[in-house]
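We did not get these values from a lab; they are worked out from the coordinates using the rules stated. Since we're looking at a predicted model, the values are computed, not measured. Glycine gets a Cβ as well: all are built from the backbone with ideal geometry, and neighbour counts include every protein chain shown.
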Amino acid sequence: MKLRFLIAMAAAGVVTLGSAAMAADGDPAKGKKVFNKCKACHVVNAEKNRVGPHLKGLIGRVAGTVEGYKYSKANKESGITWTEEVLFEYLENPKKYLKGTKMAFPGLRKEKDRWDVIAYMKQEGG
């Protein structure tokens, strides 16, 4: 199911969405493999910036706030707080989700890949 459909159903009171339930399908072992697409620019388990900011402590963090990383204006001014749901949507197509982002990554089209990488990031301290 598409996340937007689930959100619409939740808003209508038909289903209850909780990030734990949504991400419960994520497989951290598979997510580690998916994260290979990310690791040229990001680390998830250390506060070390690369081409992109580190992702340690990402869930719950406000976008554009890692010390020592030079963010795009769009990212700094987005007001985004990185929840699992927001990250799920963002990872589908970062440039579409956040116009003006510096992130060149084209995205993860498969929903399962996005949940898997989120589960891996959470396990590793993201």
Q. What single numbered condition from (1) surrounded by fewer than 18 Cβ atoms within 10 Å (Cβ to Cβ); (2) assigned to a loop (DSSP other than H, G, I, E, B); (3) of a type in the set (G, A, S) fails to hold for G52?
A. (1)
Q: Starting from region 43-62, keep only residues that are on the phi > 0 side of the Ramachandran plot, then list their pairs with residues that are assigned to a loop (DSSP other than H, G, I, E, B) and not hydrophobic (A, V, I, L, M, F, W, C) whose Cβ atoms are within a distance under 9 Å, requiring at least 6 positions of separation or different chains.
A: G57/E47; G57/G125; G57/G126; G60/T83
